[in-house]
1. May I ask you to say which residue of B:270, B:277 is closer than 30 Å to residue B:302 by Cα, among the charged types (D, E, K, R) and surrounded by fewer than 16 Cβ atoms within 10 Å (Cβ to Cβ)?
2. Among B:230, B:188, which is out of contact with any Gly (no Cβ under 9 Å at 6 or more places or on another chain), among the aliphatic types (A, V, I, L, M) and within 23 Å of residue B:268 (Cα to Cα)?
3. In contact with an Asp or Glu (Cβ under 7 Å, 6 or more places away or on another chain), among the hydroxyl-bearing types (Ser, Thr, Tyr) and in a helix (DSSP H, G or I): does that describe residue A:205?
4. Sort out which residues of segment B:286-297 are at pLDDT 95 or above and surrounded by fewer than 17 Cβ atoms within 10 Å (Cβ to Cβ), and write them in order of number.
5. Condition first: facing chain A (nearest Cβ under 7 Å), surrounded by 23 or more Cβ atoms within 10 Å (Cβ to Cβ), closer than 30 Å to residue B:234 by Cα and at pLDDT 95 or above. Can you find one or more residues in segment B:85-93 that meet it?
6. Does segment A:83-90 include one or more residues that are in contact with a strand residue (DSSP E or B) (Cβ under 9 Å, 6 or more places away or on another chain) and among the hydrophobic types (A, V, I, L, M, F, W, C)?
7. Looking at segment B:214-237, is at least one residue in a helix (DSSP H, G or I), under 23 Å from residue B:304 (Cβ atoms) and touching a residue at least 24 places away in the same chain (Cβ under 8 Å)?
Number of protein chains: 2
Amino acid sequence: MDYVQKQKLTDSPVNLYAPVNYLMELEGKRIRPIACLIVANIYTEDIQKALPVVYSIEMFHNFTLMHDDIMDNADMRRSKPSVHVKYDVNTAILSGDLMMIMSYKHILECCDDLILKNKLLKLFTNTAIEVCEGQQYDMDFENKKEVALSDYLLMIKLKTAVLLASTFKTGALIGGADDNDAIHFYDLGLNLGLAFQIQDDLLDTYGNQNTFGKKIGGDIIQNKKTYLYLKALELANDKEKNKLISLYNNNLLPEKEKIEKVKKIFKILDVKKHAEDLIEQLMEKAFDHYHALSVPEEKLKEVKNLMGYLLKRKI
Amino acid sequence: MDYVQKQKLTDSPVNLYAPVNYLMELEGKRIRPIACLIVANIYTEDIQKALPVVYSIEMFHNFTLMHDDIMDNADMRRSKPSVHVKYDVNTAILSGDLMMIMSYKHILECCDDLILKNKLLKLFTNTAIEVCEGQQYDMDFENKKEVALSDYLLMIKLKTAVLLASTFKTGALIGGADDNDAIHFYDLGLNLGLAFQIQDDLLDTYGNQNTFGKKIGGDIIQNKKTYLYLKALELANDKEKNKLISLYNNNLLPEKEKIEKVKKIFKILDVKKHAEDLIEQLMEKAFDHYHALSVPEEKLKEVKNLMGYLLKRKI
């Protein structure tokens, strides 16, 4: 991303701006910038004006990472020390605050079309509020004994999916799409985001260590309330339920044994199949919105590729 | 503030919204809301539309308090436990983030005048960035051996004065003032904010415990690099300088003795007088801008009262 490089901040005070540059320059997948530009490009050749907004979304995403890593006690980010580890917690708080504000600054400087800008800012603001709500639910769930599956789905919707939805819609609005297409792109992104997140849960337990990147079984070891775990609890009889809960409460069991025993219950209850079915349903919905767009399908090739790319990581 | 009461958030998740309500309801002086409304009211009778923006500024101010209290390890706020003490650090980080975003939401909902809104958002965003820079300088100074007086003045300008300046200007813009008046109100607020902050340093050492509210001599005990201390270092000969630095590095000395000894050096160097002179100069500048406003002076009575009120706390 050339634009990201060019935006490198050199301002004073350096202790405020250096951590922003550090995090923004770590190799990320840049899914959101790519998605936004692809969608904008469907409606316009002139995607220059999308760049500040694209940058704003990426900066907002990195702001959430910077603060979430403090809250989640996550020491590593993209195989490098998190900002609060490399610098300190205060730095990560304040530089994160700055990034949040800078993401508004970039939208404000995107163009002279005040009606468009007002739309983008309202969408961005509502999304940002939802992302905070999602992070709070996620933290709340850690301390809760029972979490309903519907609450879990609400949480991942808010924490992850709405930003992807909003990114697609932003691209459409900047490109000049009509409101109808903009809404379809939002819903496409929302369902895609949900599918992506549930697939992430699936891969954590059933994935291939080499292609997944993270340690397989990590969620089980950390007693994470994932889709698989919560679906299992929903389907289980009393005996299986108690067994699963006591396995999750048991941190003395050797890791390998714990993973095997939890997976055995998952297998009995067929939760892997349930997750796969849900992902399929969500992708079907995403494609319903894809097909409802007003543009001819040959213009949507890149969107289809991106959807495939995001879900391509096979088990 | 009725509007503040009415805005009480009841949304879920409660762990995210309750801390916002907690902090917003603690008795504050509400200087900024009052200033903004007074200025808007000079130019218009209809100050209803100013309320969302006024609320936004107060929320932003409280966001900075919530995060600053974590960074500064301040356990109390307005005689009550700070948010990170009453709840926890993670809560204060995330609810603070939410407040930052909510302050944008309120501006975005203020009115249908997109040109005005764009102006307000740009002013707000630039101010917010400066406030972050000010907080960073403040934290940097704690670990620095030598701080130039000019750097200190830059810090208090960014950390405190620009928000007051921006508040005055915002009131003017909402009221419908021309650009000239809006700029004069900005500069009036800036000089007033600086004067207020230096007076705060002065009162901390020379104030009256009953009217000041904080413990007199607190800055000296905490080795704070205030205007008095930095001006003293600037004026001191080598011997006085070494003595002052060694007093500031001495945390074993009984509090009363330390305060007396530092004040003795301040007296020799006449720094109290220097501070008083600077406050007077700043207030003169503030009044230059006051007199340059295009409105007749009888409409500025409330502004004059507010300026007097902010500086009234006598030594």
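The values are calculated or read from the model by the stated rules, or taken from the named source; none is laboratory data. Because the structure is predicted, anything quoted here is derived from the model rather than measured. Here the Cβ positions follow ideal geometry from the backbone for every residue, glycine too, while neighbour counts run over all protein chains shown.
1. B:277
2. Going through B:230, B:188 in turn, just one is out of contact with any Gly (no Cβ under 9 Å at 6 or more places or on another chain), among the aliphatic types (A, V, I, L, M) and within 23 Å of residue B:268 (Cα to Cα): B:230.
3. So residue A:205 fits the description; yes.
4. Passing the criteria: B:287, B:288, B:291, B:292, B:294, B:295, B:296.
5. no
6. Scanning segment A:83-90, I find at least one residue that is in contact with a strand residue (DSSP E or B) (Cβ under 9 Å, 6 or more places away or on another chain) and among the hydrophobic types (A, V, I, L, M, F, W, C), so the answer is yes.
7. No, the conditions are met nowhere in segment B:214-237.
The rows are residues; the columns are (1) at pLDDT below 95; (2) farther than 30 Å from residue A:79 by Cα.
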site	(1), (2)
A:187	no, yes
A:191	no, no
A:227	no, no
A:241	no, yes
A:251	yes, no
